[in-house]
C-alpha cells in the first residue's frame with residue numbers, strides 16, 4: 001500500500017477524472033480567459049476567468065498525470081508543489097479562514113463574561129459564505145467546511161478549474177450530508193451507525209469538561225499506474241475533529257480508523273466482483289492521525305470499467321469511549 005500523510009484536523013485529496021459527476025462547460029469561452037502565467041512549458045497555466053484566477057491544465061492527460069503525482073505526495077509536498085504558482089486555491093483560503101476563526105474563539109474564551117461575539121462571527125461568515133459551508137443548526141459552531149474538498153488544491157474561490165478550454169464545475173457536498181439534521185442537539189453524546197453511507201461521526205461531552213467531535217468521509221482520491229500503465233483507483237479519507245468549551249474550533253485529536261473494504265470493477269449498471277486472481281482487492285486495516293494507508297482498486301482488462309468500493313468503516317478517538325460507524329458504498333461515475 002501507498003501512504004499519504006494527512007492533517008489530523010482535516011484531510012482530503014482529489015478525484016481522478018472528469019467523469020459524469022463533474023460538469024464541463026464546453027461552450028466558447030473566448031474573451032473570458034486571459035493568460036497570466038505559464039508553468040512547465042504551458043502544461044499548467046494560471047488564467048483569469050470572470051475576474052478570478054483559475055488553474056488551467058493543458059489537456060486531460062496532463063490533468064490525470066498531475067493528480068496521480070499528487071496522490072503520492074504528503075500534504076507538505078503538495079503545498080511546496082503549488083507554492084510557486086501565485087494562485088490562491090481553496091486550500092489556501094481555508095488556512096487563512098481557520099486562523100481567523102480560531103482567533104475569534106480564543107479572544108472570547110479568555111473572558112466569556114464579555115458580550116457574545118455576534119458581530120465578529122457574522123462578519124466572518126459573510127466573508128467566507130460564498131466558498132465554505134457553516135453549520136446551520138449550532139450557533140456555537142462557525143467552523144468553515146469545504147463544499148468540494150477533494151479538489152481543494154485545484155479550485156479557486158468559485159470552485160472552478162480548467163481542462164483545456166473546458167470549465168470544470170466540481171461536485172459539491174450538500175449541507176444535509178455534512179451537518180445532518182437539527183435533531184443532533186448540542187452536547188448530546190451520539191454515534192452514527194452502519195445505516196449511514198460513507199460518513200461516520202462521533203460527538204461526546206467529556207465528563208466535567210469540553211465537548212469533542214470527530215468525522216470521517218471516505219472517497220476515491222486519485223489514481224496510480226503501474227509499469228504497464230494499467231490504472232488503479234486510490235481511496236482515502238477526509239478527517240475533521242473539533243473541540244468546544246464555549247465555541248467550537250478545529251482540534252488535533254488522535255483519530256484512528258478501522259475498515260474492512262472490498263474493491264469491485266463494474267460496467268454500469270451491473271456490478272461485477274473481482275475474480276480471485278491478482279486483481280482481487282480486500283483489506284482490513286487501521287490508521288491513526290500520523291500514518292494513513294490508502295488502498296488500490298485495480299482493473300485488469302481492456303476498456304473503461306468503473307470502480308466500486310464496499311464494506312464497513314469505523315472511526316474512533318482516544319477522547320471518546322465509543323466509535324462511529326458507516327457502510328462504505330462508493331461508485332465512480
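For the reader, a short list of remarks on this structure follows.
- Residue selected from the stretch 116-131 under the condition over 23 Å from the mean Cα position of the chain (by Cα) and surrounded by 15 or more Cβ atoms within 10 Å (Cβ to Cβ), by the criterion farthest from residue 154 (Cα to Cα): 117
- Once the stretch 303-322 is narrowed to residues that are closer than 21 Å to residue 220 by Cβ and surrounded by fewer than 20 Cβ atoms within 10 Å (Cβ to Cβ), the residue that is modelled with the lowest pLDDT is 303.
- Residues in the stretch 156-165 that are modelled with pLDDT of 90 or more and part of a loop (DSSP other than H, G, I, E, B): 5 in all.
- Residue within the stretch 120-137 that is more than 19 Å from residue 248 (Cβ to Cβ) and assigned to a helix (DSSP H, G or I) present: no
- Inter-residue pairs, beta-carbon under 8 Å, first under 20 Å from residue 241 (Cβ atoms) and in the stretch 166-182, second in a helix (DSSP H, G or I), 6+ apart: 173/149
- Any hit, the stretch 172-190, residues being assigned to a strand (DSSP E or B) and either touching a helix residue (DSSP H, G or I) at 6+ places or on another chain (Cβ under 8 Å) or more than 22 Å from residue 216 (Cβ to Cβ) (or both): no
- When residue 289 is tested against (1) at pLDDT 55 or above; (2) crowded, with 19+ Cβ neighbours inside 10 Å; (3) within 22 Å of the chain's Cα centre (by Cα), just one condition goes unmet, and that condition is (1).
- Residue within the stretch 168-190 that is more than 19 Å from the chain's Cα centre (by Cα) and modelled with pLDDT of 90 or more present: no
- Where strands (runs of 3 or more DSSP E) fall wholly inside the stretch 1-115, the ranges with 1 or more residues that are loosely packed, with under 14 Cβ neighbours inside 10 Å and either within 24 Å of the chain's Cα centre (by Cα) or at pLDDT below 50 (or both) are 23-25, 33-39, 52-57.
- The stretch 139-155, residues that are more than 19 Å from residue 100 (Cβ to Cβ) and part of a loop (DSSP other than H, G, I, E, B): 148, 153, 154, 155
The values are calculated or read from the model by the stated rules, or taken from the named source; none is laboratory data. This one's a predicted model, so the numbers in the text were calculated from it and none came from an experiment. All Cβ positions, even for glycine, are placed from backbone atoms using ideal geometry, and neighbour counts span all protein chains on display.
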